[in-house]
2 protein chains.
Amino acid sequence: MADALKVGIAGLGTVGASLVRIIQNRANELATTCGRAIEITAVTARDRSRDRGIDISGITWFDTPERLAAEADIDVFVELIGGASGAAADSVKAALTRGLHVVTANKALLAASGVELARIAEEKSVLLNFEAAVAGGIPVIKALRESLTGNTVSRVYGIMNGTCNYILTRMEKEGLSFADCLKEAQRLGYAEADPAFDIEGNDTAHKLAILTTLAFGTQIAADEIYLEGITNISIEDIHAAADLGYRIKLLGVAQLTDSGIEQRVHPTMVPHDSVIAQVDGVTNAVAIESDILGELLMVGPGAGGDATASAVLGDIADIAKSSPGAQRVPVLGTPAASLAPYKRARMQSHEGGYFIRLTVADRTGVFASIAACMAENGISLESIMQRPKPDAATDTPKTIILVTHATTEDSVRKAVDAIKAENYLVGEPQVIRIERPKAF
Amino acid sequence: MADALKVGIAGLGTVGASLVRIIQNRANELATTCGRAIEITAVTARDRSRDRGIDISGITWFDTPERLAAEADIDVFVELIGGASGAAADSVKAALTRGLHVVTANKALLAASGVELARIAEEKSVLLNFEAAVAGGIPVIKALRESLTGNTVSRVYGIMNGTCNYILTRMEKEGLSFADCLKEAQRLGYAEADPAFDIEGNDTAHKLAILTTLAFGTQIAADEIYLEGITNISIEDIHAAADLGYRIKLLGVAQLTDSGIEQRVHPTMVPHDSVIAQVDGVTNAVAIESDILGELLMVGPGAGGDATASAVLGDIADIAKSSPGAQRVPVLGTPAASLAPYKRARMQSHEGGYFIRLTVADRTGVFASIAACMAENGISLESIMQRPKPDAATDTPKTIILVTHATTEDSVRKAVDAIKAENYLVGEPQVIRIERPKAF
C-alpha cells in the first residue's frame, strides 16, 4: 500500500469537527477504498482549548492557518475557515504555492480569487478541489468538471440557498408571511441573526458565479450578477402562482445567450409539475442543460456539518486515489490560462415569460389601459385575470394578474412604466420572472 | 502537452456513431480540457460499409473486437457491443489483460462478470469505467464510487427503465390501459418489439445489481434479485394510488437490513409529493441514502445515443486527465479483492407499507372478515376503503382497497392467503409495496 496521505485541517467549526470525526472513525474503510491511509497530521483553529467532541491529541497543533500551510508536514491543506480574504485566502495561496493539494468549502474565496488560485494550482500540478463550496453535499462541481466534459452547456440553474427555500416553502404550505417565516427560520437555526446575505441573494450569487465559470469556461464574474432577493415576495404572490400552476423559488440562473452570458438571482416561478418545483425546505437542487447529455438535475442537502464534510472528504479521497504529479483535472473545468473573458448579456435583453401583479384603483377603463400598455410594447398575454376579494367593497382597489408569453425584460419594464404613468396603480407593481425547465 | 490518448471503439451503433462524431467535432475543446488530445485510432463493427453519417476513413479498421483489443495501437478500449458474453466479454477481458484502460456501457456484462473484470483491471493498474451502464447520462457511478467515499449507504433506489416509466406515466396521464401504452411505446421506439426484458424488470435488475455492489461493497449478485414487472398494473391501481396520494413507479431498490441486503425490482407506490414521484416519461432517477451525506437524488436521461455517448466520453476524459500508472480508483468502489460476500435478506422479512386491492363478492361480513385476517397477522391498517362504481348493480363485485402501516412481506402474504381461503374473492388480489423517500 502507498504512503498515507497526510492532511492538515484549518478550521474546526461544525464542518471541520465532523470531518475529523469521520476520518478517524472510518480509517480502515478509507484506507481500503483509497488504496492508502488518510491521516490528519496537523490542525489549527481559533481556540485550542474548546471542546469539540473530537480527539486531536495526537495531531500537531498550529497557531495560525498561515503557519500550518507553510510549515506542516502534509500533502493536502483543507481550508474550512471561510471568508474571501484574510487567513483563508493567505493560507490557501501559501499552500498551493508550496505545492500542496488544497480542498476548500469556501465559496466567497473562490468567487473572489478562484481564477488566480486555479492558475497557481495548475502551475504546481496540484489539485484544488471545492465540491462543498456549491450546494453542499450535491456533487455538482464533479458533474460539471468531469462528467460533462465535451458538452456545451446552455443553462445551469438551481435552488442554492436553503434559508430562502425554507422560507418560501413555509409561506406556501402554511400561508404565513415572509416576516413570520424568517423568524421561524432564525429560531430553528436555518437563518442567521443578520439574514441579509441569504435572503438578498448574495449567497446564491457566489455559488452561481462558480458554476458559471465551470459551465461556460469564462472568467469568474461574481460582481456582474443581476440580484433580487425574496423580501418582496408576498403570500398573495404565492397564492396567485399556485392558481396559475407555478411555485416560487429563489433561483440562481446562468444562461448562454446570443449576446453573452446572463447571470441572475431572483425569485422565479417554475411550473408546479416540474421536478425542481417539488424541492422543498432547506434542500438544494441544481440543474444543468447541455447539448449532448441533455438535462441533469441533482437534489440534496445544501448545508449542514455532515453533508458538507462528506463533500470535503470526497475531495480528499479523490486526491488520495490519484497518482502524484502531472494532475490534469483543470480546477475550473477549463485550464485557468484558457478561460475566456466573461461577456455579460444585458438584463434588458433577457427573454422569458413574466408574472405581473398590479393593484389598481377600481376605475372604468383600467383593464383596457393595461392591455393597451402591454400591446404597445409588443407583449402578448397568456392570461389576464382579476382576483376578487370576496369580502371587499366594490370601490376598494383590485388585484390584476398578468402572465405574459415570452417577451423581453426591456419590454416589460417599459410596459410597467407606461402603466405607472396612468396613475391608477395603488402601490408598487410586482414582477416575477418565469423559468421553464427544458426536459422535466 | 502530453501525448494524445489513443482510443479504440468496438461497436458503431447509435452510441458508437454519436461518440465518434463528438470526439471528432470537439477535438480542440477536449484537448484543452484534458490537457491532451483524444484521438480515435481504431474501430470495429459488424458491417464496415454501412453509412453511419461519420467519417472513419483515417481510422484503422479491425474485423473483430477481439483483434482490435489484442492488436490495435490504443490506450483505451471502448466496448459498445453489448451482451454478457461473446465478443463483448472476450474483447474487454483481452484489453484489460493487455493493460489497456476500458470504458464500457455494457450492464449485462458487468452484472455477470464485473468482479472478475475489476480484479484484472486492478491487477494491471488500469481503469475500468462504466458510467453509461446504469441510468445513461446520470453520473450515479461517479457519485457512488467517488463522491460518497467514506459514507455508509443504507438504501439506493431508482427509476432505471425508461420504457416502464413511459408506460406508467401515460397510463396515469391519459387513463389508457397497459396494453395500449405498450403499443404506443413500441410505435415511438421507446420499447422493443419483444418488450419482456424491460417490462418484466430484468433490465432494471442488471443495473440494480451494479449499484448494490458500489453502494454496499459486496459481490455482484444479479441472480438474487426479487423481480416483479409492471404487466399486472391496471388503470384501477393507478387511480386508487392517486386517490391515496401516491404514484406508481417501477423501482429498483437495494437496502441494507439487519439480516442482509434486499435487492428488489417491483412496481412501487411513492408519495405523490416526493421529488421522485414527479419523474415522468422516459426520464430516469436514482436516489442514494447514506449516513454522512444524507439523501442525494439525480434525475436525467436514462438512454439515447447522445446521452449515453456523453457518459462514455466523460469516462474517457477521466482517463485522459489521470496520470498513467498506479491507478487507485477501485472499479467497483471497493477493491475487488476486498468485496464482502453478498448476503441476501429474505424477501419475507421485507418491512414496509402495502397497498392491497381486493375484488370481492357483495356479501355480508366480507369487510369484517378482511379486517380479521389482517388483525390476525398483526397488520395494522392506515386506511380501508370501498370504491363504489356509480353505475354498478348492488350485487356486482366490489373493490376494497387497504393500505397497511409498516408490516412484513410475510405477514401480508399470510393475510392474503387467509383472505383467499374465505372464498369471497373475485380474481387475484393486487399487492403493491409502498416506498418512502427519507428526506424528499
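So, in the range B:1-15, exactly how many residues are touching a residue at least 40 places away in the same chain (Cβ under 8 Å) and within 14 Å of chain A (Cβ to nearest Cβ)?
Taking the range B:1-15 as the starting set, the residues that turn out to be touching a residue at least 40 places away in the same chain (Cβ under 8 Å) are B:5-15.
Within this subset, residues satisfying the condition of being within 14 Å of chain A (Cβ to nearest Cβ) are B:5, B:7, B:14-15.
Number of matching residues: 4.
Does B:Arg357 satisfy the criteria of being part of a strand (DSSP E or B) and either of a type in the set (Lys, Arg) or assigned by TED's automatic domain parsing to the domain that holds B:Val92 (or both)? Before the answer, list the steps.
Numbers: part of a strand (DSSP E or B): yes; either of a type in the set (Lys, Arg) or assigned by TED's automatic domain parsing to the domain that holds B:Val92 (or both): yes.
The answer is yes for B:Arg357.
Might you let me know whether the range A:376-399 holds any residue that is in contact with a Phe, Trp or Tyr (Cβ under 6 Å, 6 or more places away or on another chain), at pLDDT 95 or above and not small (Gly, Ala, Ser)? Let's see the steps before the verdict.
Start the filter on the range A:376-399 by keeping residues that are in contact with a Phe, Trp or Tyr (Cβ under 6 Å, 6 or more places away or on another chain), which leaves none.
No: the range A:376-399 contains no residue that is in contact with a Phe, Trp or Tyr (Cβ under 6 Å, 6 or more places away or on another chain), at pLDDT 95 or above and not small (Gly, Ala, Ser).
Which residue is surrounded by the fewest Cβ atoms within 10 Å (Cβ to Cβ), if the candidates are limited to the range B:291-326 and must be part of a loop (DSSP other than H, G, I, E, B) and within 7 Å of chain A (Cβ to nearest Cβ)? Give the steps one after another, and end with the answer.
Start the filter on the range B:291-326 by keeping residues that are part of a loop (DSSP other than H, G, I, E, B), which leaves B:291-293, B:302-304, B:322-326.
Still in the list and also within 7 Å of chain A (Cβ to nearest Cβ): B:292-293, B:322-323, B:325-326.
Working: B:Ile292: 25, B:Leu293: 29, B:Ser322: 22, B:Ser323: 15, B:Gly325: 8, B:Ala326: 13.
Among those that are part of a loop (DSSP other than H, G, I, E, B) and within 7 Å of chain A (Cβ to nearest Cβ), it is B:Gly325.
Sort through A:Asp198, A:Asp180, A:Asp194 and tell me the only one that's free of Cβ contacts under 8 Å to residues at least 60 places away in the same chain, buried (at least 24 other Cβ atoms within 10 Å of the Cβ) and either more than 15 Å from A:Val279 (Cα to Cα) or more than 14 Å from chain B (Cβ to nearest Cβ) (or both). Explain how you work it out, then say what you get.
Details: A:Asp180 fails: buried (at least 24 other Cβ atoms within 10 Å of the Cβ); A:Asp194 fails: buried (at least 24 other Cβ atoms within 10 Å of the Cβ).
Matching residue, one of A:Asp198, A:Asp180, A:Asp194: A:Asp198.
Condition first: within 9 Å of another protein chain (Cβ to nearest Cβ) and either of a type outside the set (D, E, K, R) or not in a loop (DSSP other than H, G, I, E, B) (or both). Now tell me which residues in the range A:271-280 satisfy that. It would help to see each step written out before you state the result.
Within the range A:271-280, the subset within 9 Å of another protein chain (Cβ to nearest Cβ) is A:273-280.
Scanning the range A:271-280 gives A:Ser274, A:Val275, A:Ile276, A:Ala277, A:Gln278, A:Val279.
For A:Ser234, state whether it is surrounded by fewer than 24 Cβ atoms within 10 Å (Cβ to Cβ), within 30 Å of A:Pro330 (Cβ to Cβ) and not hydrophobic (A, V, I, L, M, F, W, C).
In short, no.
Could you please let me know if A:Thr283 is out of contact with any Leu (no Cβ under 6 Å at 6 or more places or on another chain), facing another protein chain (nearest Cβ under 7 Å) and closer than 29 Å to A:Ala185 by Cβ? If you could, list the steps in order and put the result at the bottom.
On the way: out of contact with any Leu (no Cβ under 6 Å at 6 or more places or on another chain): yes; facing another protein chain (nearest Cβ under 7 Å): yes; closer than 29 Å to A:Ala185 by Cβ: yes.
Against the criterion (out of contact with any Leu (no Cβ under 6 Å at 6 or more places or on another chain), facing another protein chain (nearest Cβ under 7 Å) and closer than 29 Å to A:Ala185 by Cβ), A:Thr283 qualifies.
Just a yes or no: is a residue in the range B:31-40 in a helix (DSSP H, G or I), within 14 Å of chain A (Cβ to nearest Cβ), buried (at least 18 other Cβ atoms within 10 Å of the Cβ) and touching a residue at least 40 places away in the same chain (Cβ under 8 Å)?
yes
Would the range B:361-369 turn up any residue that is touching a residue at least 40 places away in the same chain (Cβ under 8 Å), of a type outside the set (Phe, Trp, Tyr) and either buried (at least 20 other Cβ atoms within 10 Å of the Cβ) or part of a loop (DSSP other than H, G, I, E, B) (or both)? First the steps, then the outcome.
Residues of the range B:361-369 that are touching a residue at least 40 places away in the same chain (Cβ under 8 Å), as a first pass: B:361, B:363, B:366, B:369.
With the extra rule that they be of a type outside the set (Phe, Trp, Tyr), the set shrinks to B:361, B:363, B:366, B:369.
Cutting the leftovers down to either buried (at least 20 other Cβ atoms within 10 Å of the Cβ) or part of a loop (DSSP other than H, G, I, E, B) (or both) gives us B:361, B:363.
Yes: the range B:361-369 contains one or more residues that are touching a residue at least 40 places away in the same chain (Cβ under 8 Å), of a type outside the set (Phe, Trp, Tyr) and either buried (at least 20 other Cβ atoms within 10 Å of the Cβ) or part of a loop (DSSP other than H, G, I, E, B) (or both).
Of all residues in the range B:327-340, count the ones that are within 8 Å of chain A (Cβ to nearest Cβ), part of a loop (DSSP other than H, G, I, E, B) and either under 30 Å from A:Asp291 (Cβ atoms) or touching a residue at least 60 places away in the same chain (Cβ under 8 Å) (or both). Before you say what the answer is, go through the steps one by one.
Keep residues of the range B:327-340 that are within 8 Å of chain A (Cβ to nearest Cβ), which gives B:327-330, B:333-335, B:338.
Right, trim to part of a loop (DSSP other than H, G, I, E, B) and you get B:327-330, B:333, B:335.
Of the ones still in play, those that are also either under 30 Å from A:Asp291 (Cβ atoms) or touching a residue at least 60 places away in the same chain (Cβ under 8 Å) (or both) are B:327, B:329-330, B:333, B:335.
Count: 5.
Go through the range B:101-125 and report how many residues are in contact (Cβ under 8 Å) with a residue 40 or more places away in the chain, farther than 16 Å from B:Ile220 by Cα and not small (Gly, Ala, Ser).
Looking only at that region, the number is 3.
Inspect the range B:100-107 for any residue being part of a loop (DSSP other than H, G, I, E, B), in contact with a Lys or Arg (Cβ under 9 Å, 6 or more places away or on another chain) and in the same structural domain as B:Leu332 (by TED's automatic domain parsing) and give the result as yes or no. Steps first, answer last, please.
Within the range B:100-107, the first condition is being part of a loop (DSSP other than H, G, I, E, B), and the residues that meet it are B:100, B:105-106.
Now narrow it down to the ones that are in contact with a Lys or Arg (Cβ under 9 Å, 6 or more places away or on another chain): B:100.
Cutting the leftovers down to in the same structural domain as B:Leu332 (by TED's automatic domain parsing) gives us B:100.
Yes; the residues of the range B:100-107 include at least one that is part of a loop (DSSP other than H, G, I, E, B), in contact with a Lys or Arg (Cβ under 9 Å, 6 or more places away or on another chain) and in the same structural domain as B:Leu332 (by TED's automatic domain parsing).
Any chance you could count how many residues in the range B:1-30 are buried (at least 18 other Cβ atoms within 10 Å of the Cβ) and closer than 19 Å to B:Gly314 by Cβ? Spell out the reasoning first.
Going residue by residue through the range B:1-30, those that are buried (at least 18 other Cβ atoms within 10 Å of the Cβ) are B:5, B:7-12, B:15-23, B:26, B:30.
Add one more test, that the residue is closer than 19 Å to B:Gly314 by Cβ, and what stays is B:5, B:7-11, B:15-23, B:26, B:30.
So the answer is 17.
The values are calculated or read from the model by the stated rules, or taken from the named source; none is laboratory data. Just so it is clear, the structure is predicted and the values come from calculations on it, not from any experiment. Glycine gets a Cβ as well: all are built from the backbone with ideal geometry, and neighbour counts include every protein chain shown.
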